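Visitor: Before we start, here is the structure in question, set down as C-alpha cells.
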Amino acid sequence: METPPEFTPADVFPRQMDFKPLSKEEMKNLNKLTTKDENFIWLKIQFIIPEELKNKDLGLFIGYIRGADLLFLNNEGIRQYGEFPPVANSAGFTAQYFMFTATDLNQNGVNTVFIKIWPDAFGAISPKIFLSEKPVIFTASETSTFFFSKILVSFSSVMLIIFFMYLFLYFVMKSYENKNVYLFFALLNFYTIHFLTPFIIPELSWAKPEWLSYNLMIKYFFYGGAFTTVYFANSFIIAFLKHRDSKPVIIIRLVLLIIPIIWAFSLRTSKALHSFIPAVVVFGGSQFIFSIPLLIKSLINKTTRRNTIYLLVGFSPVLLGVLLDIIFKLCELNPNLPFFTVYGWQVTLWIFLGSLLLRFGSMYMHNTELNTKLSEFNTHLEEVVAMRTKELSEANFVLSKGLETVAHVQKNFLPVKNRSFKGWELSISYTALDNNVSGDLYDYYFTGPILDGLGIFDVSGHGIPAGLMTILAKGIISQHFIIGRSQEEPLSNVLVDINNSYIKEKVDVENYITGLLFRFSDFNSKDVCSVEFANAGHPYPLMYVAEEDKVVELKAVDEKQYGIIGVEGLDVSFPPINVRASKDDIFICFTDGITDAMNKNGVEFSKESIINIVKTYHAESAIMIMNRIMDAMYDFIGNASLTDDITLIVLKRTDSKDYIEEI
C-alpha cells in the first residue's frame, strides 16, 4: 500500500483492505509502485506460529530490503534499517533480521507485521523471507550479509593496497617507457572503490558525513565511479598495448566521460536515477570503441599476439561479470542479484597482481643467476687476465700503428680550424678521445671568400672504427652538399640523400651518424644573410641574436624531426629550419662530448654553461669565444677524464663590407 511519509501503523491498520498481493516482478522494483517520489510503501506479512515454534523466541529473516525500512510487529516498532528522508540512506544488500521474544508474539492467533519502506532509486525486496528460531535467523543473516555486502569491504581493502602498490611502481619506474600502464591500473582500482562505496557504506555508516544525501551519493559514487572506472579500464588496455592516443581521441574520450557524469548530476528524483542505468552501458561501451580495434590489430600481429591474449585472459572474469549483469539487470531477469562485475573484477585484480609478482620473481631469479655466473667468473678472473694481458700487449702494438695511420689521414682531410670569410669568422676546437683518432667530423664549403656551408657530424663509437667511418662519411657528405647546392635542393632532402648513400656504402658496418648541415645565402643590401640548416638527431645548435641580446636553441617547431643517418629501415624526417643572421649574431655547434663532460661529482658541463659564456663574451671574436668555452669546460671537469670526442664550432657574423681577402 502507498501512503504519505507521515503515516503510522495506526493510520494503516484501518485500511488493511487496501493491501494487494505483491508479485515477484513488483518485488524487484519497489520504486515503481509509488506514484509520487516522496511517498512510502507499506508491506503486510501475517503468520500463525507453527506448533514446533510456539513459546520460543523467534526471528524473521528478509534477504534484503533495498531502501530504508521500519518493521512493526502487532503495532510495536521492532527495528529500522537505513535512514528515512530527509537524511536518506539505503540499507543496501545488508541482510535484515528482526528478533521477537515469545511474549511479543501471539502464540495462538494471527501475528501481523507491517514494514514501512522508503524505496530508493533501486528499491527492491528479496523473495527469501522466513520465520525461524534466533540462531538459525542470525546465521542466515550473517552469511547473506557477508556475501552481499561485507565481502565488498574486503575487496575494497585489497584494491586500496593494489592502488598504492601500482602508484608506487609508477613513480619508481621513471625510465620505463610504458610506465603509464601502472598509473592507469592504480587509478582503475581507486575508482572501483569509488564505485563500490554505495554498496559498502551500510557497513561503514560511521564514515558517512551527515551532509551526504543518498541521491548525491548515488550520483557521485555509483555513477561517477562507474563512468570513471570504465574510462581508466580502457586507458589501461590502450597503455598495455603500448599505444598512445592522439589529442583528438583524448578529447573525445574525456567528453564521453564528462557528459554522462554531468547528466547524472542533473537528475533530481530517485526514479530518474534508476532509469539512468542503461546510460552506463551506452557511454561506457562507447569508450571501448577506441581500444577494441587496437586489440584486434594486436591479435593479428604475431609479435604482439601473446601479450594481447594475456590481457584478454586477465580481463575475461570481469567481462563475464559484465555480461551476466547485462542479462540479469538490464533484461530484468533478476535485477536484485549482486553485481557479478564486482566479483569478476576481483579475480581480474588477482590475475594481474599475480602477474606482477611473477615478473618480480623472474627478475629476482635472473639476477640470482647473474650473480652466480659473476662469482664463477671472478674465481677464474686472475687466470683470464694473465692470459689476456699477453694477447693484448701484442695486439696493442699493431693497434697503435693503426691509430697513427688513421690519425694521420684524419689530420690531412679535415680543413683548417680557424678561418675568416666574407661576413663570417669561423673557429673550431677538435679534440679526439683515442690517440688523435676521432669519431667527430666537421667540414665547411666555400667558393673563394664566400662561405657556402658548414657541417658537424658525430659517428657512433670511438677509435679506429669510428675514425675510418668519418673518412667514408666526409666524401659522401661533401658530394651531396655540392650537388644539392647546384640544384637548389632543400637541405632536408640533401640529408636524406646522404643517409641513403651512407647506408649503401658502409654495407654491414653497425654504426650511425648524427649531424647538422648548414647552407648560407649571399648578403642583402642590409648586410643580412639567410641561413638554412637541417638536423639529423644532433644536439640543437645555439644562436646568439645580437639585436635581442639573447641565446636561443634552434629546432623545428611546426614539423617533427626524427631519425638519424645510417640505420637501414628507420623512418627519418629532417625538416629544414631557416633563420636570418645579422652582424654580430653567433652560431654555436657542438657534439655531445662537451655537454656530457662530467666533473668528479658526476655533474655535467651542460649546454647552459655554453649559453652563459656566450651571453657574457659575445662581443669578442669567434676564436676567443671558442677558447673561453673550452677553458671553462676543462676548469669544470678538473682532473676527471673525458668520455667522448669533442668538437666545438663558433661561427660569428661580421661586417661583410669590411672583409679583406687574404693574399
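The values are calculated or read from the model by the stated rules, or taken from the named source; none is laboratory data. From a predicted model like this one, the values you see are computed outputs, not experimental measurements. Don't worry about glycine lacking a Cβ; one is built from the backbone with ideal geometry, like all the others, and counts go over all protein chains shown. Side chains are part of the model used for accessible areas, which takes the heavy atoms of the whole protein and leaves out ligands, DNA and RNA. Shrake-Rupley method; radii C 1.70, N 1.55, O 1.52, S 1.80 Å.
Visitor: Please go through segment 574-589 and give me each residue that is open to solvent by less than 40 Å² (accessible area, probe 1.4 Å) and in contact (Cβ under 8 Å) with a residue 60 or more places away in the chain, ordered by number.
Guide: Result: PHE574, PRO575, ALA581, ASP585, ILE586, PHE587, ILE588, CYS589.
Visitor: Are any of the residues in segment 82-94 over 26 Å from LYS271 (Cβ atoms), out of contact with any Phe, Trp or Tyr (no Cβ under 8 Å at 6 or more places or on another chain) and either surrounded by 14 or more Cβ atoms within 10 Å (Cβ to Cβ) or modelled with pLDDT under 90 (or both)?
Guide: For segment 82-94, residues over 26 Å from LYS271 (Cβ atoms), out of contact with any Phe, Trp or Tyr (no Cβ under 8 Å at 6 or more places or on another chain) and either surrounded by 14 or more Cβ atoms within 10 Å (Cβ to Cβ) or modelled with pLDDT under 90 (or both): absent.
Visitor: Moving on. Give the residues of segment 419-433 that are touching a residue at least 40 places away in the same chain (Cβ under 8 Å) and either assigned to a strand (DSSP E or B) or open to solvent by 50 Å² or more (accessible area, probe 1.4 Å) (or both), sorted by residue number.
Guide: Of everything in segment 419-433, those that are touching a residue at least 40 places away in the same chain (Cβ under 8 Å) and either assigned to a strand (DSSP E or B) or open to solvent by 50 Å² or more (accessible area, probe 1.4 Å) (or both) turn out to be SER420, PHE421, LYS422, TRP424, GLU425, LEU426, SER427, ILE428, SER429, TYR430, THR431, LEU433.
Visitor: Still on this structure, I have one more. Those residues that are in a loop (DSSP other than H, G, I, E, B), open to solvent by less than 40 Å² (accessible area, probe 1.4 Å) and either modelled with pLDDT under 95 or farther than 16 Å from LEU491 by Cβ (or both), I need them from segment 540-552; list them, please.
Guide: Result: ALA546, single match.
Visitor: Checking ALA233 against (1) open to solvent by 20 Å² or more (accessible area, probe 1.4 Å); (2) in a helix (DSSP H, G or I); (3) at pLDDT below 90, which test does it fail?
Guide: All conditions pass for ALA233, except number (1).
Visitor: Then there is this: Would you point out which residue out of ILE78, ILE125, ILE48 is under 47 Å from the mean Cα position of the chain (by Cα) and of a type in the set (Val, Ile, Thr)?
Guide: ILE125
Visitor: Scan segment 18-40 and tell me whether some residue there is in a strand (DSSP E or B), touching a Lys or Arg at 6+ places or on another chain (Cβ under 9 Å) and buried (at least 19 other Cβ atoms within 10 Å of the Cβ).
Guide: yes
Visitor: Quick one: how many residues across segment 49-64 are surrounded by 14 or more Cβ atoms within 10 Å (Cβ to Cβ) and either out of contact with any helix residue (DSSP H, G or I) (no Cβ under 8 Å at 6 or more places or on another chain) or free of Cβ contacts under 8 Å to residues at least 60 places away in the same chain (or both)?
Guide: 3
Visitor: Can you tell me which residues in segment 498-522 are open to solvent by 60 Å² or more (accessible area, probe 1.4 Å) and within 18 Å of SER478 (Cα to Cα)?
Guide: ASN500, LYS504, GLU505, TYR512
Visitor: Looking only at residues that are basic (Lys, Arg) and assigned to a loop (DSSP other than H, G, I, E, B) in segment 236-272, which one is least open to solvent (accessible area, probe 1.4 Å)?
Guide: LYS242
Visitor: Taking the residues in segment 477-497 that are of a type in the set (D, E, K, R) and part of a helix (DSSP H, G or I) as candidates, determine which candidate is least open to solvent (accessible area, probe 1.4 Å).
Guide: ASP497
Visitor: Mind listing whichever residues of segment 106-127 are in a loop (DSSP other than H, G, I, E, B) and either surrounded by 13 or more Cβ atoms within 10 Å (Cβ to Cβ) or among the acidic types (Asp, Glu) (or both)?
Guide: Residues satisfying the conditions are ASN106, GLN107, PRO119, ASP120, ALA121, PHE122, GLY123, SER126, PRO127.
Visitor: Can you tell me how many residues within segment 422-437 are among the aliphatic types (A, V, I, L, M) and at pLDDT 90 or above?
Guide: So the answer is 2.
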